[in-house]
Amino acid sequence: MKTSKNIISFLSISLLFLITTPCYSCGWYENSETTRLAFFRGELSGMEGFRPFYYSADFYNTTSSDDAKIDRYKNCKEWQTKLGTSVKIDDIYFILYNTSPEAFEISCEKKELKKNFGGNTFIEKLILPKNKELLIYLQFSKELEYCNFHSDGKWESWDNLNSWNYGYEVKIEHDYSILKDKLKTLKDDFLIKRYAFQFIKISYYLNNLGDACKLYDSYFLNKKGETILQPWALMYKALATDRVGDTVQANYLYSQVFDQCEEKKYVCMQWFNKKPSIIEKTLALAKNDHERSVILSMSTLRNPGKALPKLKEIYNYHPSDNYFGVLVMREINKVEDWIFTPMLTEYGPSVQIGEGWYENFEQTKKINAKTDKAYSKELKQFLIDCHKKTKAGDLKDLLSVAIAHLCFINDENETGKLFLSGIRKNAPASILRQKNIQLALITIKSENINAETTKESLVTNLIQLEKNAKLDYDTYKSLYSLTRIISKEYQKQKRIAVAGLLFLKSEQYKSAYENHNEDWGWDNYQYYFEDYYWPLAYFDRYASTTDIDELIELRALKNPTTFERYIRGKYFSNVNALKDLKATIAFRDNDLELTEKTLAEIPKNYWDKHYEFKDYLNEDPFLPKVLAYAYKRNFNYKFNKLTFIHEIRTLLAEADTNDAKKGANYIKVGHAYFNCSYWGNSWMMTNYGKGSEEQHSFSNDYLFGAMFDKRTKMQQKNYYECTLAKKYYKAALKYATNNEQRAMASLMIYCCNEAVYDFNNANLPYDTEAPKFIPEKETFGFYRNYSTTSVFRKYQCPELDYYLAAK
Amino acid sequence: MNSSRRNLSPFLLAVCCLSIAMLISCNPKKEKQNRSFCFWKTAFELSSADNRMMNQMGVNHLYIRYFDVDWNPYEKEALPVGTINTYWYSSDLKNISFTPCVYITNTVMENASEQQLNELAGRVRSRIESILAEQSDRYKNQAGGPYEEYHFSDIKINKDSLKRVKDSVETFSIKEFENKISEIVIDCDWTEKTKDKYFLFLKHLQELNTKHTISATLRLWQYKDRETSGIPPVKKCLLMCYNLNSPAQYNIKNSICSVDELKKYIKDDTYPISLDVALPIFNSAVIFRNGSFKGMISNVNLADYENDTVNYQKLKDKLFKFKTDQIIGNTVIRYGDELRVEQLKTTELDEIADLLSEKLELDDDSRVTFFSWDTTYINNYGIENIKKYYQLFEH
């Protein structure tokens, strides 16, 4: 009974011994923005403020507003105008935005501004007696900054360990009354606007919403003198209007603020109401086409779906270049996400609604690809029409490069080239960079990628982009997409060594992009590539032994070309890892001679020191694991890959020349092949990793997709079906010289069949009944003919009885 | 008779062994707690790898920064800042004793009234007590958890007695934790102007703390210029042998420490108060544009800059010029900007340790500590070197 339990539980237990390193299928997922493919990025000067609205799968609130601090510098400029050009803008910025209110206040109190901010030209002017009122204002505004932000929660409370100090809130009310009086006495417009702005802000926070609106109208509405404080103040009027319930008017005001400044764009978009009925009413308030185009753009800038009809509508209102440029870029990024992400990765588009997409992924992919291509053509035609109507300039260049990309998507490269040739030499840097990307894409599709000149041209482009990426991390997205598509082209041409290295490059770029917000940068992802298996993963799946030879040669080249130097990177510090992979592939091909020859080139103790070999290749490979219920497993066995293969070859050679040895030798070889299968104790001879649900998850990994079918073919299907093991057991049965050998061969044929049966049934759908296991005739032979053998006595078990009884 | 002697002998042996064991346990020889590190992070977490490293170096004491106190000009009072997160992730803290540290800015001393400082002493004391209570609670849970899991899970025992045993484990753990702390260190860069207020504060804090001895940090200028700085009214000072210059200074080799600079401060005489000594192993890099300070990068490695000849040109020892534009954090670094690596080489730290061990008169119980605990910092010097520095002071 105990034996029976053991044999039944053998499979399930053995599946628990998983190796985790190469298993990418569970526990960790890349986010959608990381895997999203995007070749296109064309940014006009002034579009930076729209970055939170670029097409992305990231959460909206993970983006930051006005990265370039355009608004803040405008404010600094106003101070400079007030105080004179001898005051440096950077000095003003430092005091206004990089000096804590506390540090400023203490310096003011102790009259140590000059001492503590020595050399600051802004401070030097502020402390002059004639500028006393300006200094008082600044001190006041810093105090309000402290009230608003509490210095980002720096101050804790003595009351308990986990509380913060908020005692200062009451001070705002006090300041409110001071401000009212102060504003009446002021004559300097610069100061009046600043105090008024603070007053509006405080009014809003104190819920004096009517005051906030009235104050804006009194001090900013239709007033002379352009100031960045005007849209900032209007923001509070919009919020106050929204809070009193006038959604349409608030929406209109949000659109005004959105249009007039950068810093508040993000928050305006958060509050902007995109309901079609509200948009309709908001449009009715617009006074001209520009205002209408802004309102419609705002309603479209976060639309994740097809927005071409809206684009056409907006275009009719003559939108400014930046609005239209952002919308065009978004639309192209959508199209390429829909088309390229499923084509070149194992994922669907990164921005998607609902999860139904995956139900019949392959078929859905085909249908959607067709629809998306049709949409891309429609979009292209619209852009060509716009191009015709647009005067030469930045927007026309952007449209040219956009059209060229859509041509590339639709395999119309000659037309694409025409549009690219029209781009001005002094176009914005981002457009010129995109033009180079387009040329590279066209090269991939239309040139011989194996020609040295093509490779040289591609690598020049890639290296230049790499340089750009150091200053603009978003370029890593282009690099990731570009290297991924080039890799795919080489893969199509069976240049696996080059394709694999480019694949690794693309992964490296992807990682750099993923982490650009976390200041980790490029080098911190080096650990991926220092991992033993990770750089081998692509080649483990796609390479032949000759591909590995090419890889080894590439690695050793003394005078590589620029292209070769670029692709080979620093991935394989130890050539023996490649040789071991080559031997593994040769073994999967059942080319024992090449396997042995390759293993002989590797140092004997290599497997003791690297990867997980010594933990998974540590049992006698000639003792079938399936029979472990009747013997004590010894995990201290000194396993050596070379010795093992040599022994198999010796056994086979001896069997070839000596019939008397055939029975015993074939049994041993059968055991060896059984153990190198999924079911054996030496499976790591064939694979680098193993999982419990190979059909479903393990071999369906996030980078390479479903690999199960490929794995089933390994070693003439021996890995999952024990074909070779069975072949040798059957041969052993034929040539056996005694009943002990026959008994063992019969028993193992049963074990092979039973293992495969269990494996197949374990993966049946819940509602499907498993077919009955039908033992082969050898199993009956084991009982009928060899019941007196020692093999029978040792290994006979009730499970066998069960199946025979069922028969 | 023979038989009784045969029976008696093992009994006597057992009694003797038991007595010796009891003697040992009742009169334990107090182990010196003088191999120390400063733990200056905002969350207290020690991994088993950290523990292993500590064991390898024989570290048996930690100075732990509990919180800072700064002056809030708007509230017109001193408030706590950056209180340590008291999560405990440590597999083995049995052999480690702790000293809580509180950093008080000199601005507090400049601005607070005497009455406010008296109040502050009470608040500091009570906050330390709260953190200790929270930490001991964590420690208790940590100590109680595995003990119960590994020692009782397989023993059939009635629940009441199990609870009693568990309670005794918890009581023991709290007591054990309390025994780990005998001192509190106050860190303040006081000046001639603020010394009277600060010393009054220290006295008052000591009066309020009967369980713990109050110590103070001592900067090198305070050590050297005793007439100006005064001698703090404490039994022990921790001499901080680093931060000799401001990192923002351009024309210096480094702001951390150098043996030549140190020689200007360390005299042959004896400081009137018993000293512990802190040595620097931290590092950073300072970025300058046209000689003006632009920013700092923490936790760097000198070798990284020396080996990267594509991006950096070595101008002189530890000073590099950026050869390419880069983004570091949110700052754009341009070609021509300079970077000074503030990291003492092993040979430099050797010299500093030699000088201090030779010149400073330390007690048998004096601690040698390193600022601060970070495996990267430690690996820059190597475990063997750190052990060597400890040994220098032990002989």
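The values are calculated or read from the model by the stated rules, or taken from the named source; none is laboratory data. This structure is a prediction, so every number in the text was calculated from the model and none was measured. As a convention, Cβ positions derive from the backbone with ideal geometry for all residues, glycine included, and neighbour counts pool all protein chains shown.
When the stretch A:135-150 is filtered for residues that are of a type in the set (A, V, I, L, M, F, W, C) and either in contact (Cβ under 8 Å) with a residue 40 or more places away in the chain or under 20 Å from A:SER177 (Cβ atoms) (or both), the ones remaining, listed by number, are A:ILE136, A:LEU138, A:PHE140, A:LEU144, A:CYS147. Taking (1) modelled with pLDDT under 90; (2) within 24 Å of A:ASN98 (Cα to Cα); (3) more than 14 Å from chain B (Cβ to nearest Cβ) in turn, A:TYR168 satisfies each apart from (3). Annotation: B:TYR312 fulfils all but one of (1) aromatic (Phe, Trp, Tyr); (2) within 14 Å of chain A (Cβ to nearest Cβ); (3) closer than 29 Å to B:ASP354 by Cα; the unmet one is (3). One residue alone among A:ILE463, A:ILE486 is within 14 Å of chain B (Cβ to nearest Cβ) and within 18 Å of A:THR561 (Cα to Cα), and that residue is A:ILE463. Answer yes if at least one residue in the stretch B:351-364 is among the hydrophobic types (A, V, I, L, M, F, W, C) and touching a Pro at 6+ places or on another chain (Cβ under 7 Å), and no otherwise. No, the stretch B:351-364 has no match at all. Quick one: is B:ILE131 at pLDDT 75 or above, closer than 30 Å to B:THR107 by Cβ, in contact with a Pro (Cβ under 8 Å, 6 or more places away or on another chain) and within 14 Å of another protein chain (Cβ to nearest Cβ)? Yes.
One residue stands out in the stretch B:33-90 among those that are within 14 Å of another protein chain (Cβ to nearest Cβ) and among the hydroxyl-bearing types (Ser, Thr, Tyr): the one that is farthest from the chain's Cα centre (by Cα), namely B:TYR74. Quick check on my filter: what residues within the stretch A:601-618 are surrounded by 13 or more Cβ atoms within 10 Å (Cβ to Cβ) and either among the polar types (S, T, N, Q) or more than 40 Å from the chain's Cα centre (by Cα) (or both)? A:ASN618, the sole residue that qualifies.
Figure legend. Inter-residue proximity from the stretch A:421-436: first residues modelled with pLDDT of 95 or more and surrounded by fewer than 16 Cβ atoms within 10 Å (Cβ to Cβ), second residues not charged (D, E, K, R) and not in a helix (DSSP H, G or I), beta-carbon distance below 8 Å, spacing 6+ or different chains. Indicated pairs: A:ARG424/A:ALA392.
To keep it simple, each residue is scored yes or no on (1) within 28 Å of A:ASN590 (Cα to Cα); (2) charged (D, E, K, R); (3) modelled with pLDDT of 90 or more.
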position: A:ASP472; (1), (2), (3): no, yes, no
position: A:LEU501; (1), (2), (3): yes, no, yes
position: A:TRP520; (1), (2), (3): no, no, no
position: A:ASP523; (1), (2), (3): no, yes, no
position: A:THR545; (1), (2), (3): yes, no, yes
position: A:ALA556; (1), (2), (3): yes, no, yes
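From the residues in the stretch A:177-204 that are surrounded by fewer than 17 Cβ atoms within 10 Å (Cβ to Cβ) and of a type in the set (Ser, Thr, Tyr), which one is nearest to A:VAL244 (Cα to Cα)? Per the criteria, the residue is A:SER177.
Taking the conditions (1) away from chain B (no Cβ under 14 Å); (2) under 29 Å from the mean Cα position of the chain (by Cα); (3) acidic (Asp, Glu); (4) within 28 Å of B:VAL310 (Cα to Cα) in turn, A:GLU452 satisfies each one other than (2).
Taking the criterion of being in contact (Cβ under 8 Å) with a residue 24 or more places away in the chain, under 23 Å from A:TYR73 (Cβ atoms) and part of a loop (DSSP other than H, G, I, E, B), the residues of the stretch A:224-266 that qualify are A:GLY225, A:THR227, A:ILE228, A:CYS261, A:GLU262, A:GLU263, A:LYS264.
Taking the options B:VAL310, B:VAL277, B:VAL300, B:VAL286, name whichever one is β-branched (Val, Ile, Thr) and in contact (Cβ under 8 Å) with a residue 60 or more places away in the chain.
Sole residue among the options that is β-branched (Val, Ile, Thr) and in contact (Cβ under 8 Å) with a residue 60 or more places away in the chain: B:VAL277.
Exactly one residue out of A:ASN288, A:ASN273 is touching a helix residue (DSSP H, G or I) at 6+ places or on another chain (Cβ under 7 Å) and modelled with pLDDT of 95 or more, and it is A:ASN273.
Results for (1) touching a Pro at 6+ places or on another chain (Cβ under 9 Å); (2) among the hydroxyl-bearing types (Ser, Thr, Tyr); (3) crowded, with 17+ Cβ neighbours inside 10 Å, shown as yes or no for each residue.
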| residue | (1), (2), (3) |
| --- | --- |
| A:ILE92 | no, no, yes |
| A:TYR97 | no, yes, no |
| A:SER100 | no, yes, no |
| A:SER107 | no, yes, yes |
| A:LEU113 | no, no, yes |
| A:THR121 | no, yes, yes |
| A:LYS130 | no, no, no |
| A:LEU144 | yes, no, yes |
| A:TRP158 | yes, no, yes |
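One residue stands out among those in the stretch B:334-346 that are crowded, with 17+ Cβ neighbours inside 10 Å and within 34 Å of the chain's Cα centre (by Cα): the one that is farthest from the other protein chains (Cβ to nearest Cβ), which is B:LEU344. Would you check if there is a residue in the stretch A:284-294 being among the acidic types (Asp, Glu) and surrounded by 18 or more Cβ atoms within 10 Å (Cβ to Cβ)? Yes: one or more hits. Restricted to the stretch B:289-313, and to residues there that are outside any loop (DSSP other than H, G, I, E, B) and more than 33 Å from the chain's Cα centre (by Cα), the residue that is nearest to A:ASP67 (Cα to Cα) is B:ARG289.
Tell me the residue from B:GLU148, B:GLU119 that is within 14 Å of chain A (Cβ to nearest Cβ), part of a helix (DSSP H, G or I) and either modelled with pLDDT of 95 or more or surrounded by fewer than 17 Cβ atoms within 10 Å (Cβ to Cβ) (or both), please.
Of B:GLU148, B:GLU119, the one residue that is within 14 Å of chain A (Cβ to nearest Cβ), part of a helix (DSSP H, G or I) and either modelled with pLDDT of 95 or more or surrounded by fewer than 17 Cβ atoms within 10 Å (Cβ to Cβ) (or both) is B:GLU119.
The condition of being in contact with a Ser or Thr (Cβ under 8 Å, 6 or more places away or on another chain) and either hydrophobic (A, V, I, L, M, F, W, C) or at negative phi (or both) holds for only one of A:ILE136, A:ILE106, that being A:ILE106. Using the structure shown, decide if B:GLN142 is away from chain A (no Cβ under 13 Å), assigned to a helix (DSSP H, G or I) and at pLDDT 85 or above. When the stated conditions are applied, B:GLN142 does not pass them.
Taking the stretch A:138-158 as the range and being away from chain B (no Cβ under 11 Å), at pLDDT below 95 and closer than 12 Å to A:ARG194 by Cβ as the test, the residues that pass are A:PHE140, A:SER141.
Considering the conditions (1) farther than 22 Å from B:SER182 by Cβ; (2) polar (S, T, N, Q); (3) at pLDDT 95 or above, B:SER36 is excluded by exactly one of them, (1).
Take A:ASN675 and tell me if it is under 30 Å from A:PHE572 (Cα atoms) and touching a residue at least 40 places away in the same chain (Cβ under 8 Å). Here the answer is yes, as A:ASN675 does meet what is asked.
Which helices (runs of 4 or more DSSP H) sit wholly inside the stretch A:75-130 and have at least 3 residues that are away from chain B (no Cβ under 13 Å)? Of the helices (runs of 4 or more DSSP H) lying wholly inside the stretch A:75-130, those with at least 3 residues that are away from chain B (no Cβ under 13 Å) span A:89-97, A:113-116, A:121-126.
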